[in-house]
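Structure first, then comments.
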Ligand SMILES: Nc1ncnc2c1ncn2[C@@H]1O[C@H](COP(=O)(O)OP(=O)(O)OP(=O)(O)O)[C@@H](O)[C@H]1O
Ligand SMILES: Nc1ncnc2c1ncn2[C@@H]1O[C@H](COP(=O)(O)OP(=O)(O)OP(=O)(O)O)[C@@H](O)[C@H]1O
Ligand SMILES: [Mg+2]
Ligand SMILES: [Mg+2]
């Protein structure tokens, strides 16, 4: 039987984010394994994974994606890690008229106007992060917020999404601060936010939305915002970063995935197998990769034939089970809508990292994720 | 002296072969990746050669070369995005890119009159990083980190039929479809060829000799009557213009422009690597360097994968040959090259002629 | 007497508190060879630097053939016809001897800005350059990089570069320093040849008294940056003050 | 005019720049507590940058070697120190200040040792063939930087690495409305110590002179009876050790580090060395403090401009003084 | 007593054989003069002694010890000073710093410094000036001063009078005579008149070979020999 070829296209060298790519690929492989009960076959055809490296360069990514579609004749491709690289890849899918599943790149724009009907996205987007975060704050008239984000599209979009989630709740954003990417010293901006908040009444929160390093929360916490009654709020993070959350016991926020936060058979299997094989619990990108694989597997099982158009029809509106519950590809822009985890930080000296304990699952339909693009 | 020029001949021969391979690339290698690689090689040859005008011929160390490349790329990209596909935006974009490049080059060039070479290098580095940040901040024009995708002129659409047979299907020549993709490749190839030949003429001209003299001994060049400042500013502008044009060509070819394809420091490092590997101060070196490094970027990984499998039973070796560590090896090879072939490949081979 | 081709008026330069050249006014005429002597540090090289533009005067003027060139860049002065050989050898080390010379010839022809014509096609240029090599007896080493020449030959190349510029005003700064006795005559002969041309002005800094005696039409003595004496060789050399500050007891016979 | 500059010169000349900057900032900021917080933070940040830049300045200023691989020493220093701290996390949890301090000292020592060894290796293998050749230095050290970054990736992986920090350095001193991070105070003290040590060594011994002379004419220094090769190795090792120490210090400040850390800091470190002027430790300190203050003040007053502040500062200073503020070499 | 002895030195620079056969003995005390045309190999000989090039085959013995393969710095520490042809001045250092570097302990003997300043007054006047701004002759003085700032056993001097004013040349000759009281000087000179008054023994190099050895007195007396070996046309 002819194998079904799938290309995994991620950045595997040239940036320290390569570790995330590897998680995504591990997750994908485990997802296929789970979906095929270890046979690695769907409808009697073996799955063949072709792995390619974008080197975190959009031009290289375009070339290897084109190669996957054109020379390797894969059925569909999955990728990539960084948003910029992935944006560059979108038109190639259209050119070759083959499906591209975006995972784990985050940006909203990947399902935006520049995207096309060949693109599906299983990863979350920034709007989900920030809306979930806003909901986790349980906003009301009593809430005053200062926001801190990095000064580029990702940061500004995130804050916009956050504000739109606060709309109508009565909560007030009194300061919006943006720092250059790569900022490592937050004293100045913290002073600005303190000055904006300290004389306000109510629950005062600094919301931090910074993807890069720099440890803004830790540094602002070190300036003791509690003396003005200000608390810090931020979303959850990948496991390697969670040790730094030990400084924020009791903090509440929302996160894409934490292995103890989701309770379903797929996640149980994933956690158990991952612990057994790698000695560590699965992280964001493992779960993401697995979700993408499960989507592919379901589509392949259900589609009557493997023409691209048939697959697209099958996948539009499709719901499937993942380690973090049910996801659904929204028909309009092919973004997978998904649940998020509302957590509260618990510090346990016996655990190396801070534990984001589940408060509740924020169901997908509670969030109002803007539609990026409408099909034709 | 008599058996002299074998080295130079060898290098020229290799360059000619490369040129022939590039000319027939679409017919010789019919897979997708090869064409991408070939186009990238063409563009980087021009980019590296224009950088060599600065570093190799005139002895100016600049880290702003990708900035000029980026101006050209973004010029075309933004206009193609705003105005839709067509030749006017490409031309206007090229012009705009060159204009901005010239303004910046003159401004930076005038600064260079006052400060030491190494400080000049740092200023260019600073300018380049400011532009990089600007590109990410002015996201409404530049698409920010994510860059912009757009459509190239209709002629280059893969669906365009250059020639069609009786049924209206695209005609094939030696099994190669004569479609827009092919046109696009030859657009890249020919424009790069023209730019490269122009630069070749520059370096062989009296102007080229003056540049070398400035590199060797600036004060003495001034003393025998050359206005060093004017010459330096001129090459800086010239090299910026060519880099900018190369950027425009790349933008048209790629149909995507973003910081990582046109502005990032990684490209600057690539350019430096290519110049050094090929050999500074000779245009042939640019060709050889660009070919080798682009090939390495696209194939070294696969090669290492194969090698790692081949030695899978040996301990440690497969770990070291892990394809994801290909940059490690590139770095090592690079150090060895600088160490053992300070003049680069072309320079070393050609230097033999002198000593015989 | 002819009109002077080069005039300095109150030429002065200060380095911090130190006045290296102090109000030197002097005129130089075509067809005349002026030797500038003076103790080490007297300001001879600095005076040359002011005339050829490597340094800019603190005050005073330099006038060539009626044109004020005080503020001009060295390259502009070179194009005005002021040529200069350096005391410390100052060449294009990695270029060959021939290329070194060709650069000077080309500077004069004004071809430096040509971008599309090929050097190899300019046979005339190379031919001219070769005549200067012959004149300085450097033909044998024409294809060697300048850096590989022994000191004496580098000094000759320094002179050859100046010859190739064909200026109106030749300035030699100790051209024979470090040249062996069998090489020095070649250079002196060349200088004598230029001196014979009534349109050329020659300035020469030299410490070897036999050379001075053989060539000088006129001697200018600098001391502590000031013009101490100026006149025909015999007169200047015999003056007591020159003996005191410059020649010393042996009268330069050592 | 001349008189004015004379008076200024006697009062400290360019050394007054930070004071002037602080004075202007005081007027613009208005709120004294914010001003104090920012000034102290800026000074400490400057000191931390100085720690990283001092090694580069030493190697760049004295030996005229442009070491782009310097960032690799910074990253390595950070990771080595972080690894030691992680290994000793038991001591950090033990709530004993002495044990915590010991763990910290050991971590720094490990970083320094690593810097010394790596510096020795780097000088002998990478730098030795390219003395006096700037271009090849830039190139070969960039190659080395790539290799070093890949090595870090291979050893520590690409995921961010959390750095445990002794408890006694956590938090801040709060005085009225002013907050001073304790860690910054520590950084300030350490930076000052390093600065004094360097000034003493360079001024009390001929090392500085010898190295500069050796760069200019290596053979002549040897002909005067000095082993230039050993001297250069020594200086290079010292420079690398300082870089590693700076990296270790930075790791503690950042608490979450990635292999890209050194590279990200490199531009600011280069700017500091250049603003300060080549070859002078005093200049580097001055440059570092200016950069630290400037970014904090601008970050408060006009965050939009903070991004370009370092670049603007560098270009302005170079236009004013083409050789930097306090060049040791003219 | 022979202080320095060169035997059948051959030195290659890159692939050029420069010295083919250089051998002579320098007796202790006095001035030994090495003559030869441009490019004959005089500088190369001095550099080979200093260990800056390495002769092979051939050997250099100093005070009975083989120093052929020793490191330049160790050779210098044996009490050999070198005044190179290009003067080897450290331009970015001041005049005084140049002198300090030439001492073993970093301290200058004030008496010696005084003598040097008396000999070369310019060095006193410009002691805090950066050396690159000195005039050509002043640099030459500094270079010689560095060689004699401490007592040495052997001083190699390459063309010290080049570019010096006659009065200074006289002073220099005087200085050398004085130095030669307690040190040996190996002097490379083009200025034959200068060399003649100083030298006791001498050798002539041509094309990398020693073509004549003998006493200066004999050589100075033999005009035909001078003419043949040096081309003394003047
Ligand atoms: N750029 C400079 N900066 C400071 N001082 C300088 C500079 N150039 C020259 N001088 C000083 O000016 C004086 C004159 O130097 P100059 O080189 O003109 O002397 P010279 O007459 O050519 O001597 P020599 O015969 O030794 O070459 C010297 O004392 C020198 O130190
Ligand atoms: N670095 C070098 N590379 C190649 N050849 C060299 C080099 N240095 C010297 N030579 C050659 O070695 C020969 C001897 O040179 P050397 O400098 O010893 O001569 P010299 O007797 O000191 O002459 P001069 O009186 O001109 O200083 C010359 O022919 C020269 O071309
Ligand atoms: Mg002089
Ligand atoms: Mg010599």
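The values are calculated or read from the model by the stated rules, or taken from the named source; none is laboratory data. All values derive from a computational prediction rather than experimental measurement. Note that we place each Cβ from the backbone using ideal geometry, even for glycine, and neighbour counts take in every protein chain shown.
Residue E:35 meets the conditions (1) away from ligand 4 (no atom under 16 Å from the Cβ); (2) surrounded by 15 or more Cβ atoms within 10 Å (Cβ to Cβ) in every case but one. The failed one is (1). Taking residue C:239, is it farther than 30 Å from residue C:80 by Cβ and buried (at least 21 other Cβ atoms within 10 Å of the Cβ)? The answer is no for residue C:239. Number of residues in the range E:82-135 that are within 16 Å of ligand 2 (Cβ to nearest atom), in contact with a helix residue (DSSP H, G or I) (Cβ under 8 Å, 6 or more places away or on another chain) and at pLDDT below 90: the value is 3. Whenever a residue of the range E:148-174 is under 22 Å from residue E:5 (Cα atoms) and touching a residue at least 60 places away in the same chain (Cβ under 8 Å), its partners that are within 16 Å of ligand 2 (Cβ to nearest atom) and in a helix (DSSP H, G or I), lying with C-beta atoms within less than 8 angstrom and at least six residues away or across chains, give the pairs E:156/E:46; E:156/E:49; E:156/E:50; E:158/E:42; E:158/E:43; E:158/E:46. Only one entry of A:211, A:153, A:175 meets the criterion of being modelled with pLDDT under 85 and surrounded by fewer than 20 Cβ atoms within 10 Å (Cβ to Cβ), and that entry is A:211.
Picking from residues in the range C:191-206 that are within 16 Å of ligand 3 (Cβ to nearest atom) and within 14 Å of chain E (Cβ to nearest Cβ), the one that is farthest from residue C:40 (Cα to Cα) is C:204. The number of residues in the range A:107-136 that are touching a helix residue (DSSP H, G or I) at 6+ places or on another chain (Cβ under 8 Å) and within 11 Å of another protein chain (Cβ to nearest Cβ) comes to 7.
Residues that are within 8 Å of chain D (Cβ to nearest Cβ), touching a residue at least 24 places away in the same chain (Cβ under 8 Å) and within 29 Å of the chain's Cα centre (by Cα) within the range A:194-238 comprise A:213, A:214, A:215, A:218, A:219, A:238, listed in sequence order.
What are the residues in the range A:228-250 that are in contact with a helix residue (DSSP H, G or I) (Cβ under 9 Å, 6 or more places away or on another chain) and part of a helix (DSSP H, G or I), if any? The answer is A:228, A:239, A:240, A:244, A:245, A:247. Can you name every residue in the range C:167-190 that is farther than 15 Å from residue C:90 by Cα and more than 7 Å from every other protein chain (Cβ to nearest Cβ)? Correct list: C:167, C:168, C:169, C:170, C:184, C:186, C:187, C:188, C:189, C:190.
Matching residues to (1) within 13 Å of chain E (Cβ to nearest Cβ); (2) in a strand (DSSP E or B); (3) under 25 Å from residue E:136 (Cβ atoms):
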{"position": "C:12", "(1), (2), (3)": "no, yes, yes"}
{"position": "C:21", "(1), (2), (3)": "yes, yes, yes"}
{"position": "C:25", "(1), (2), (3)": "no, yes, yes"}
{"position": "C:34", "(1), (2), (3)": "no, yes, yes"}
{"position": "C:39", "(1), (2), (3)": "yes, no, yes"}
{"position": "C:46", "(1), (2), (3)": "yes, no, yes"}
{"position": "C:50", "(1), (2), (3)": "no, no, yes"}
{"position": "C:63", "(1), (2), (3)": "no, yes, no"}
{"position": "C:75", "(1), (2), (3)": "no, no, yes"}
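In the range D:131-146, the condition of being within 14 Å of chain A (Cβ to nearest Cβ), farther than 25 Å from residue D:279 by Cβ and surrounded by 17 or more Cβ atoms within 10 Å (Cβ to Cβ) is met by at least one residue. If you check residue A:65 against the conditions, is it part of a helix (DSSP H, G or I), at pLDDT 90 or above and either surrounded by fewer than 21 Cβ atoms within 10 Å (Cβ to Cβ) or more than 9 Å from every other protein chain (Cβ to nearest Cβ) (or both)? For residue A:65, the condition - part of a helix (DSSP H, G or I), at pLDDT 90 or above and either surrounded by fewer than 21 Cβ atoms within 10 Å (Cβ to Cβ) or more than 9 Å from every other protein chain (Cβ to nearest Cβ) (or both) - is met.
One residue is enough: does the range C:157-172 have a residue meeting the conditions closer than 22 Å to residue E:42 by Cβ, within 16 Å of ligand 4 (Cβ to nearest atom) and in contact (Cβ under 8 Å) with a residue 24 or more places away in the chain? Scanning the range C:157-172 turns up at least one residue that is closer than 22 Å to residue E:42 by Cβ, within 16 Å of ligand 4 (Cβ to nearest atom) and in contact (Cβ under 8 Å) with a residue 24 or more places away in the chain. On the given criteria, is residue C:120 in contact with a strand residue (DSSP E or B) (Cβ under 9 Å, 6 or more places away or on another chain), surrounded by fewer than 24 Cβ atoms within 10 Å (Cβ to Cβ) and without any contact (Cβ under 8 Å) to a residue 40 or more places away in the chain? Here the answer is no, as residue C:120 does not meet what is asked. Here the range E:78-96 is the region considered, the condition is being more than 9 Å from chain D (Cβ to nearest Cβ) and either over 17 Å from the mean Cα position of the chain (by Cα) or assigned to a helix (DSSP H, G or I) (or both), and the residue that is surrounded by the most Cβ atoms within 10 Å (Cβ to Cβ) is E:95. For the range E:137-147, a tally of residues being within 16 Å of ligand 2 (Cβ to nearest atom) and free of Cβ contacts under 8 Å to residues at least 60 places away in the same chain returns 1. Exactly one residue out of A:358, A:301 is over 16 Å from the mean Cα position of the chain (by Cα), in contact (Cβ under 8 Å) with a residue 24 or more places away in the chain, more than 30 Å from residue D:87 (Cα to Cα) and assigned to a strand (DSSP E or B): that is A:358.
Between C:85, C:107, the distinction of being at pLDDT below 90 and within 7 Å of chain B (Cβ to nearest Cβ) belongs to C:107 only. Identification of helices (runs of 4 or more DSSP H) wholly contained in the range E:97-179 with 1 or more residues that are within 14 Å of chain C (Cβ to nearest Cβ) and touching a strand residue (DSSP E or B) at 6+ places or on another chain (Cβ under 8 Å) yields E:136-147, E:166-179. Pairs are defined by a Cβ separation below 7 Å, a sequence spacing of at least 6 or placement on different chains, a first member in the range C:140-155 that is under 17 Å from residue B:213 (Cβ atoms) and in contact (Cβ under 8 Å) with a residue 12 or more places away in the chain, and a second member that is assigned to a helix (DSSP H, G or I) and within 16 Å of ligand 3 (Cβ to nearest atom); no pair meets this definition.
Step by step: first the residues of the range A:163-177, then only those that are more than 14 Å from residue A:206 (Cβ to Cβ) and not in a helix (DSSP H, G or I), then the one that is nearest to the other protein chains (Cβ to nearest Cβ). Which residue is that? Top of the filtered list is A:167.
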